[in-house]
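Got a structure here, written out as structure tokens. Questions coming.
The values are calculated or read from the model by the stated rules, or taken from the named source; none is laboratory data. If you're wondering where the values come from, they're calculated on a predicted model, not measured in any experiment. Counting neighbours? That spans all protein chains shown, and the Cβs are built from the backbone with ideal geometry, glycine included.
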Amino acid sequence: MNDVHFWQSHTARHCIAFVAVMLLLSSAAAVVRAHGPDAVQLEQLNAAIAQAPEELPLRVRRARVLIRLEEFTQALTEADTLQALHPRAAEPWMIRAEVAHAQGDLEAEESALDWAVELAPDGYQTRRMRSRFRMRTQRFEAALVDLATAHREHRTVDSALDELHALLALGRGEDALRAGEQSLTILGASTLLHEECVRAALLAGNFQAALTHLDAASRGARQQARWAVRRASILEALGDPAAARRTLVVARDELNARLERRDVAGVRILRARVLEALGESAAAARDWEAAEGLSPEYTARMREEEVGR
């Protein structure tokens, strides 16, 4: 066989193998959509990997399915195989970190994450995984270092919220506000980000920014009453007690109308908070009592939240 025929044959075999793998993956996707369980997905991944044993994404997916199935020994074996096939890849260490997390082994999880970051120091996934670990273990300064690196490549609402939460936990209100506003500029409007920017602005003593973000967070909401107490407190801080009281009265009227239609514990508690802000403590106490009769467990949780405010 001459060189041309050899390479034509070689290329054809690779194309056939590629098409086979794609068909298997397509079949896997169809089965997973139809049936859902991880066991079905695992079966399909096994077939796909048999056709392409060195494919890193397939093996990572299989390891994560094994972790969800709590087959931790098999998942770690998959990590070992991946490391042998791809010695400089961070993924085997990420899998080990996920296994350690599932088993509650903080020391092993941290060690695996450190190795993953060493192998991919600028990678979004490695830095993001370690930032989550550091947030969970309340190492906020270290989490911010990882998030700063991760955000050079990619940013999500979830990662932006972690950045704000870390800065707020460190008492850095102005920095948190700047970070939140930067994320809003990059990602666009987000109710969750605006709400955290309110917290940051209040911590920084920037009441006008707090009001601006509160208005943005509540824009388009059908029920404005849940924002009323916070808005009123900000208006008070801005030196406009009349506007604060109007806000509370409008909220009280809205909640009165809702309770006429249906008596619900959550609405009772919301009205109790509005009434407390209006100085109507006796009426507020009656709403708390009524809420407890409607839903004792929920009301107990809300009372605990009230103590923490």
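Among the residues of the stretch 278-291, is there at least one that is surrounded by 11 or more Cβ atoms within 10 Å (Cβ to Cβ), under 26 Å from the mean Cα position of the chain (by Cα), among the aliphatic types (A, V, I, L, M) and assigned by TED's automatic domain parsing to the domain that holds Ala251?
No - not one qualifying residue is present in the stretch 278-291.
In the stretch 246-272, what residues are closer than 22 Å to Ala300 by Cα and acidic (Asp, Glu)?
Selection gives Asp263 alone.
A further question follows. When you go through Arg231, Arg268, Arg273, Arg252 one by one, which is the residue that is closer than 22 Å to Ala176 by Cβ, in contact with a helix residue (DSSP H, G or I) (Cβ under 8 Å, 6 or more places away or on another chain) and surrounded by 17 or more Cβ atoms within 10 Å (Cβ to Cβ)?
Going through Arg231, Arg268, Arg273, Arg252 in turn, the sole match is Arg231.
Among the residues in the stretch 88-104, are any at pLDDT below 50, under 30 Å from Phe133 (Cβ atoms) and not assigned by TED's automatic domain parsing to the domain that holds Thr137?
no
Is it the case that Arg268 is over 17 Å from Leu255 (Cα atoms), in a helix (DSSP H, G or I) and not aromatic (Phe, Trp, Tyr)?
Answer is no for this residue.
Sticking with this structure for a sec: On the given criteria, is Ala200 within 13 Å of Gly173 (Cα to Cα) and surrounded by 15 or more Cβ atoms within 10 Å (Cβ to Cβ)?
yes
Follow-up question, since we're still on this one. Need at least 3 residues that are more than 21 Å from Glu163 (Cα to Cα) per element, so show me which helices (runs of 4 or more DSSP H) inside the stretch 179-254 make the cut, counting only ones lying wholly within it.
Passing ranges, in order: 207-218, 228-237.
Does the stretch 138-147 include one or more residues that are out of contact with any helix residue (DSSP H, G or I) (no Cβ under 6 Å at 6 or more places or on another chain), assigned to a helix (DSSP H, G or I), within 30 Å of Thr247 (Cα to Cα) and at pLDDT 95 or above?
No: zero hits.
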